[in-house]
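J.: Dumping the structure here so I can ask a few things about it.
Only the coordinates and a few stated rules stand behind these numbers; no lab work does. For clarity, every value in this text was computed on a predicted model and none was experimentally measured. Here the Cβ is made from the backbone with ideal geometry for all residues, glycine too, and neighbour counts use every protein chain on show.
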Amino acid sequence: MLLAIDIGNSNVVWGLFRQQSWTGPWRLVADQSRTAKEYGHDLIDRLCGVGLAPAQITDVILCSVVPNLTPVFEQMAEAVFHRKPLVASPDMDTGLTLLYTNPRELGADRLVTAAAAYDRYKTSLIVVDLGTATTFSVVTQSGEYLGGVIAPGIGISAKVLSEKTAQLPVVDLVPPKTVIGRDTGSSIQSGLLYGHASLVDGIVTRVQDELGQKALVVATGGFASLVAPLSRTIKEIRPNLTLEGLELLHRRIVRR
């Protein structure tokens with residue numbers, strides 16, 4: 001059984017794959033002060049909760065955008081599961097041709113999600129990952145990773161808005177009934193959610209204009225199910241593309 005771990009800035013998301021069917025996802029807070037042992041206890045508890053034992057994990061693969069946590073989870077995998085994990089990188093066979101100027105600057109999560117989306121749809125793509133940051137990855141029909149766009153995510157925007165203003169409260173991230181807010185709370189919700197959907201639609205339109213063609217827009221990430229219904233350009237939602245991409249990379253490596 002494969003353990004796939006996605007280490008993000010806000011959360012660590014993981015799932016279990018047996019061949020291509022999987023269980024999960026589970027989420028842990030990404031806390032750089034925690035040790036490998038502490039994270040290991042959390043994962044063991046979650047495994048036991050679904051009737052599994054650590055010995056049933058035969059392989060581990062991870063991707064990380066938090067450099068300080070990468071060695072922590074490598075140590076955890078070796079200590080708990082007695083497996084040296086594969087760590088996603090541009091050196092792996094992703095099925096994509098990387099045209100990024102410096103592939104080492106490309107976030108592992110962007111690479112893995114783009115690989116998973118292209119493997120599934122085999123067409124020109126704009127992959128929108130709605131997480132701590134909102135990122136756009138552009139892939140051509142022939143599997144060339146061209147580059148993309150990075151913007152602040154909804155969670156960051158909401159946090160900064162509350163922290164940097166004297167009278168604007170923290171609000172639940174749910175869409176208001178109307179774009180025109182009738183009170184402060186619904187006005188903030190409208191700005192955050194409809195505003196973010198408009199950001200997505202605006203970037204997608206500009207990217208497609210630059211490409212000179214339409215591309216399938218696929219949303220993933222923690223906020224995908226919240227933003228996609230408000231967007232006019234998102235056509236597919238795959239909330240766990242990063243985990244799917246990790247399984248894909250592992251499968252490609254195992255087949256070699």
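J.: I want to check the label-to-label distance for Val179 and Gln141. Put each point 7 Å from Cα in the C-beta direction and report it in nm to one decimal.
T.: 3.4
J.: So, one more: If I take R0 = 25 Å and measure r between the Cβ atoms of Lys84 and Ala151 in this structure, what FRET efficiency does the formula 1/(1 + (r/R0)^6) give, to the nearest 0.05? Each step should come with its number before you reach the end.
T.: Numbers: r = 36 Å, r/R0 = 1.42.
E between Lys84 and Ala151, to the nearest 0.05, is 0.10.
J.: I want the local charge near Pro239. Using Cβ-Cβ distances under 14 Å, sum +1 for each Lys or Arg and -1 for each Asp or Glu among the other residues.
T.: On the way: positive: Arg27, Arg120, Arg238; negative: Asp6, Asp109, Asp129, Glu236, Glu244.
Net charge in that neighbourhood comes out at -2.
J.: Here's a follow-up. Helix 108-121: angle to the longest alpha-carbon principal axis of the chain, degrees 0 to 90, nearest 10?
T.: The two axes meet at around 90 degrees.
J.: Could I have the simple spin-label model distance between Thr35 and Gln20, label points 7 Å from Cα toward Cβ, reported in nm to one decimal?
T.: Between Thr35 and Gln20, the label points sit 4.2 nm apart.
J.: What distance in nm lies between label points placed 7 Å from Cα along the C-beta direction at Ala166 and Leu211?
T.: Distance between label points: 4.7 nm.
J.: Please compute the length gained on full extension between Arg251 and Thr123, using 0.36 nm multiplied by the number of residues separating them and subtracting their Cα-Cα distance.
T.: Roughly 44.0 nm would be gained on extension.
J.: A follow-up question, please. Given a 10 angstrom Cα cut-off, can you work out which residue in Thr220, Thr134, Thr97 is the most mobile in a GNM of the chain?
T.: Thr97
J.: For Ile237, which sequence-distant residues (separation of 5 or more, or a different chain) have an amide H within less than 5 Å of its own amide H, given hydrogens modelled in the peptide plane?
T.: Ala219
J.: Hey, another quick one. Anyone know which of Lys37, Lys84, Lys159 comes out most mobile in the 10 Å Cα GNM of the chain?
T.: With Cα springs under 10 Å in the chain, the top fluctuation among Lys37, Lys84, Lys159 is at Lys159.
J.: Rounded, prolate or oblate: which fits segment 2-87, taking a ≥ b ≥ c as square roots of the Cα gyration tensor eigenvalues, rounded meaning a/c under 1.5, else prolate when a/b beats b/c?
T.: Rounded shape, in that the Cα axes give a/c under 1.5.
J.: Please report the antiparallel percentage of DSSP beta bridges with both residues in the chain, rounded to the nearest 5.
T.: So the antiparallel bridges amount to about 60 percent of the total.
J.: Taking the Cβ of each residue in Arg104, Arg27 as the centre, tally the other Cβ atoms inside 10 Å and list the residues starting with the fewest.
T.: With the sparsest Cβ surroundings first, the list reads Arg104, Arg27.
J.: Next question, about the same structure. Provide Tyr100, Tyr39, Tyr118 in ascending order of the number of other Cβ atoms located within 10 Å of each residue's Cβ, fewest first.
T.: Fewest to most other Cβ atoms nearby, the residues stand as Tyr100, Tyr39, Tyr118.
J.: Separate question: Tell me the mean residue ellipticity at 222 nm calculated for the chain from its helices only (DSSP H runs of n ≥ 4, each -39500 (n - 2.57), averaged over every residue, nearest 500).
T.: -10500 deg cm²/dmol
J.: Only one of the values (i) 56, 44, 31; (ii) 50, 46, 38; (iii) 50, 45, 26 was calculated from this structure for Cα extents along the principal axes in Å; name its label.
T.: Recomputing Cα extents along the principal axes in Å here picks out (i).
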